[in-house]
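Below: the structure, in structure tokens.
Derivation of every value follows stated rules applied to the coordinates shown; laboratory data play no part. Since we're looking at a predicted model, the values are computed, not measured. When we count neighbours, we look across all protein chains shown, and the Cβ atoms used for this are built from the backbone with ideal geometry, even at glycine.
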Amino acid sequence: MKRYLSGLSQASASPVEGLPDGLFLVRIERAQYRWHAQKPYFALVFSVLEPKAIAGNRFNSRLYCTPKALWELNWFLRDFGYDSELLERNEIDDRNLVGLSGVVKISHSVVHGSSLLTLDAFAPVRDWEELSAGIENQITGKRAKS
């Protein structure tokens, strides 16, 4: 069966192709738990809120739920303002993740020929102003005034 998909020919190979490494204020658009025998994880879709120059861009990433990675998941949930009562009960509701906002630091790497986007660090929304000084200039290629 043939299907017509408008815009398919103009789509880039990777939705994060133009997204540079760095800090971004983001909102969670979608979250889904994925079971895997060795490495269960949350598949997350983020939407960039700031810097304004790239607002609206979306990217995907994973947060693993293995015993060794729970510290990072906990850090993420706390900084993004997840319900502390649910967190204390060791419960994560996918629906409660959608709409949460925070700061992420991302980097790109190539492992065995595959390009990976890594979440390196997190911070609460309230820290964005302090952390983002000069980021807009880096994104647009302008020099900061001193």
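If you count, for each residue, the other Cβ atoms within 10 Å and average over each peptide, how do 48-54, 90-96 line up from highest to lowest?
Numbers: 48-54: 16.6, 90-96: 11.7.
Answer by packing, highest mean first, reads 48-54, 90-96.
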Open item on the list: What distance in nm separates the two pseudo spin-label positions at S132 and R95, each 7 Å out from Cα along the beta-carbon direction?
Closed with: 3.0
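Working out 0.36 nm times the residue gap between V110 and D83, then minus their Cα-Cα distance, what length gain in nm do you get to one decimal?
Working: separation 27, 0.36 × 27 = 9.72 nm, distance 3.46 nm.
Fully extending the segment from V110 to D83 adds 6.3 nm.
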